[in-house]
Amino acid sequence: MKKNNIDISTKLGTLNLDNPTILASGILGLDTPTLKKVAKGGAGAVTLKSLTSEPRKGHNNPILVEIEGGFLNAVGYANKGIDAGVEEFKKCGNNNIPLIGSIVGGSAEEFGSLAEKIQEAPIKALEIVLSCPHTPGYGLMAGQGTPKATAEITKAVRRKTKLPLFVKISPSVEAVGEIAKAAEAEGADAINMGNTLGPGMKIDIERGKPILAFKVGGVSGPAIRSIMIRSVFDLYKCVKIPIIATGGITTGDDAIEAIMAGASAIGIGTGIYYRGIDIFKKVCEEIEEWMKAHGYKNLNDFKGVAHEE
Amino acid sequence: MKNNYITAKILKIEKESKNIKNFYLDAEVDALPGQYLMIWIPGLNEKPFGVVDTSPLTISVNKVGPFSEKMHELKRGDKITFRGPYGSSFLPKGKKMLFIAGGCGMVPLYFFAKTSLKSKRKYITVIIGARTKSDLPYISKFKKLGCKVLTATDDGSSGFKGFTTELTEKIFKKEKFDGVYTCGPEIMMKKIAKICSEKKVFCQVSLERHFKCGGIGLCGECAINGRLVCKEGPVFRGKILLE
């Protein structure tokens, strides 16, 4: 039991979290000291930046541009590769804050071998990302945003790990329900709904050119929140496994809205820009205050209430 | 939105040294000494550059790679697009200050000296280091401000023959300073930080890292011991290099 008898702990498969906030993959997750700092900021769990088989330079700058209500990004999976990544994250040791691994590959086989290797790092769960909108050879640009590809990749990874397995899907495809069902059928323990939206584009009118070096990028931030909420709402009717709501959550109110739509946990990324690295702590406090004012004791008291007739 | 891109025209280009050009732009920014801008060349890349002066906005470009080579090709009237300023700034400490710059590291330090009161600039000693005399930038600019300027070159073609760190140690034997500020190669700044730590003198260093999101603080590319150079830096207390 927590203060005021309010308990905001949650569960994703066999993974227990003290609170529902999770650092989303791709934000600040490159090295151990930074992840520890985010954990100190109050996150219930932290996700590594996705690792690929080989080191990747990613796209040239600019990789991020601000728009109304958020950002466009096209980082292009810049990372040190699985071998160096595993070495780096071994330094995390056995933290109190659960570490969630993240991998991306071009094929089910590649996902499978990455899943095997990443378990050398002290991760407590594994997320596979099938939904990047801006990197050739990965995610949506490799046709991974379909029920068939989702089933194949989930199956290949499931064979290699007993850890809780999360599948991160895209809010940009119509068949979110079918994709989530495919992941569930092949043994996923939770669905992360979801990645950035789009892609979108921003053109600088003085230079007459798209600002992002890759020209297009995924949309994040409050601008996409209503689409994420609707996607979570739809998924809650389709699958029995827990849903992690990711997309524009910045405040406790946003998190409560996502939980009412059916989420068991919430991802935060862009929100760090608006509220600092301790956004996790702030969001948790805001959820607790609201629960106290409304007489709720735990998250299940209002999870999915938006579905009640 | 704070991260808008601003496009300005080049008013004047000045050759500072063999590889450094100064660009004066028809723009003004509200920046503190030590802060930087992200400069975008459409279709090529985006890189951080320290602010030399705010009105007119002035930047110095050292030719070190494809991006700066492209900048050096620009002519008067051409466009430069930037966002910012970003980052932390230098904190003046006491009366007697020592600045130690290697290469293009004199940019934020010059801006720092320029923002000091005219009557106080004579208490600023500047050590500028380079390989050889023709690589030494900003000497006349610092002298014009009224600062005391010392030089160190590898070949002894100007001033002290040797490293800036050796000259610093030599000066420390004769003089005391209230604050020491350094910008340049990290190995040099680390040495300076160590000297200051031993002598218990206030020291700030301006770090350089590869920036991706540059000032937004979301990508994590520039982290050092859990701190983001693009956002919490680039100016830190010297001890960051001794951890």
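Rule-based calculations on the coordinates, nothing more; no lab input. Here the structure is a predicted model, which is why all the values come from computation and not from measurement. So basically every Cβ, Gly included, is an ideal-geometry build from the backbone, and we count neighbours across all protein chains shown.
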- Message: If you average the C-alpha positions of segment B:34-111 and of segment A:66-144 separately, how far apart do those two centres end up, in angstrom?
- Response: 34
- Note on the structure: Lys and Arg at +1, Asp and Glu at -1: neighbours of A:I97 with Cβ under 10 Å from its Cβ sum to +2
- Item | Residues A:E54 and B:S119, FRET efficiency given R0 of 45 Å [Cβ-Cβ distance, rounded to 0.05] | 0.15
- Message: Within 10 Å of each Cβ in A:52-60, how many Cβ atoms from other chains are there, averaged over the peptide?
- Response: 1
- Hey, which of these cross-link pairs are over 31 Å Cα-Cα: B:K141/B:K176; A:K40/B:K114; B:K114/B:K176; A:K215/B:K63; A:K282/A:K303? A:K40/B:K114
- Query: Of B:A31, B:I80, A:G93, whose Cα points farthest to the positive end of the dipole of the protein assembly as shown (charges on the beta-carbon: +1 Lys, Arg; -1 Asp, Glu; origin at the Cα centre)?
  - Reply: B:A31
- Task: Evaluate 2.2 N^0.38 Å with N set to the residue count of segment B:97-241, then give the Cα radius of gyration divided by it.
- Result: 1.05
- Message: Positive end of the dipole of chain B, charges at C-beta (+1 Lys, Arg; -1 Asp, Glu), about the Cα centre: which of B:G50, B:S119, B:F142 has its Cα farthest in that direction?
- Response: B:S119
- If you average 1/r over every pair of different alpha-carbon atoms in segment A:207-309 and take one over that average, what Kirkwood value in Å do you get? 14.7
- Item | Restraint check, A:K49/A:K124; B:K15/B:K144; A:K292/B:K231; A:K124/A:K281; B:K93/B:K148, Cα-Cα greater than 26 Å | A:K292/B:K231
- Item | Per principal axis, descending, Cα span of the protein assembly as shown in whole Å | 79, 50, 44
- Regarding chain A, what is the average projected area of its C-alpha convex hull, in nm²? 15.0
- Helix-derived mean residue ellipticity, 222 nm - over chain B, DSSP H n ≥ 4, -39500 (n - 2.57), to 500: -6000 deg cm²/dmol
- Item | Residues with amide H under 5 Å from that of B:Q204, placed H, sequence gap 5 or more | B:V180, B:Y181, B:T182, B:G238
- Across B:K170/B:K194; A:K36/B:K190; B:K21/B:K79, pairs whose alpha-carbon gap is larger than 18 Å: A:K36/B:K190
- Query: How many percent of all Cα-Cα pairs in segment B:6-86 sit more than 21 Å apart?
  - Reply: 17
- Message: To make sure I understand, if each residue's beta carbon is the centre and we count other beta carbons within 10 Å, what order do A:R158, B:R131 fall in, fewest to most?
- Response: B:R131, A:R158
- Task: Place +1 on the Cβ of every Lys and Arg and -1 on the Cβ of every Asp and Glu in the protein assembly as shown, take the dipole about the Cα centre, and give the residue among B:M97, B:V229, B:P108 whose Cα lies farthest towards its positive end.
- Result: B:M97
- Task: Any chance you could tell me what percent of the C-alpha pair distances in chain B go past 30 Å?
- Result: 22
- Within 10 Å of each Cβ in B:73-82, the average number of Cβ atoms from other chains: 1
